[in-house]
Amino acid sequence: SQQGEEDPQALSIQEGENATMNCSYKTSINNLQWYRQNSGRGLVHLILIRSNEREKHSGRLRVTLDTSKKSSSLLITASRAADTASYFCATDGYNTDKLIFGTGTRLQVFP
Amino acid sequence: DAMVIQNPRYQVTQFGKPVTLSCSQTLNHNVMYWYQQKSSQAPKLLFHYYDKDFNNEADTPDNFQSRRPNTSFCFLDIRSPGLGDAAMYLCATSVLQGAFTPNYGYTFGSGTRLTVV
């Protein structure tokens, strides 16, 4: 299985602080994606980074990818209480048309 | 707005009673997926359709089946729900061209939470 492992499993921070979540995966990928899930809701796509990219930004989000280490990180800067959610990385392998999710990080941002 | 819609949001079914969950999309995406997500776990892919081609995951129980009558609709049928099938069921879509994997993220519906009593 190329399921990703994420750490930490849970993260609690104060508003204004930065939150960093890490993801490791097992096999070669075509791209890696990050999703957010509010409690009891569907997943929302945040950002996609291709295997030939090393860093990508979107608003307060910064994603890095190190294919040699088979790892990625998601940084949320200046966090807000509304960022409280679970965050999942997901990978798709070469010549596949399916996305496999990691175990997720539960982020709690206290006002 | 173009979107993925799952109905119902909450479904209660009796142990052993067949149940069908539905998903529709207005995105005209050619791939549709069904994921099962149990509490505090990662979404687990059950199967997906690439156009009309059905792709079942090796570890998806035979109890789970799917139908895609047209591009817009996809159904998840659970023939004999057990207590262990209680979960959130997520439908997602993506667009693929040929053999290439997506350049865009998947679009998910809000999910159907299934309770088995």
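The values are calculated or read from the model by the stated rules, or taken from the named source; none is laboratory data. Values in this document were obtained by computation on a predicted structure and should not be read as measured data. Backbone-built Cβ (ideal geometry, glycine too); neighbour counts: all protein chains shown.
The residue that is surrounded by the fewest Cβ atoms within 10 Å (Cβ to Cβ), counting only those in segment B:22-48 that are more than 10 Å from chain A (Cβ to nearest Cβ) and assigned to a strand (DSSP E or B), is B:SER22.
Of the numbered conditions (1) more than 10 Å from every other protein chain (Cβ to nearest Cβ); (2) under 21 Å from A:PHE88 (Cβ atoms); (3) among the hydroxyl-bearing types (Ser, Thr, Tyr); (4) touching a Gly at 6+ places or on another chain (Cβ under 8 Å), B:SER80 fails exactly one; give the number of that condition. Every listed condition holds for B:SER80 apart from (2).
Considering B:VAL117, B:VAL4, the condition of being facing chain A (nearest Cβ under 10 Å) and at pLDDT 90 or above is satisfied by B:VAL4 alone. The residue that is farthest from B:TYR89 (Cα to Cα), among those in segment B:49-68 that are surrounded by 18 or more Cβ atoms within 10 Å (Cβ to Cβ) and hydroxyl-bearing (Ser, Thr, Tyr), is B:TYR49. Within segment A:24-46, the set of residues being under 20 Å from B:SER94 (Cβ atoms), within 13 Å of the chain's Cα centre (by Cα) and touching a residue at least 24 places away in the same chain (Cβ under 8 Å) comprises A:TYR25, A:ASN31, A:LEU32, A:GLN33, A:TRP34, A:TYR35, A:ARG36, A:GLN37, A:LEU43, A:LEU46.
At pLDDT 95 or above, surrounded by 18 or more Cβ atoms within 10 Å (Cβ to Cβ), out of contact with any Asp or Glu (no Cβ under 6 Å at 6 or more places or on another chain) and closer than 18 Å to A:GLY40 by Cβ, is that true of B:TYR10? Criteria not met by B:TYR10.
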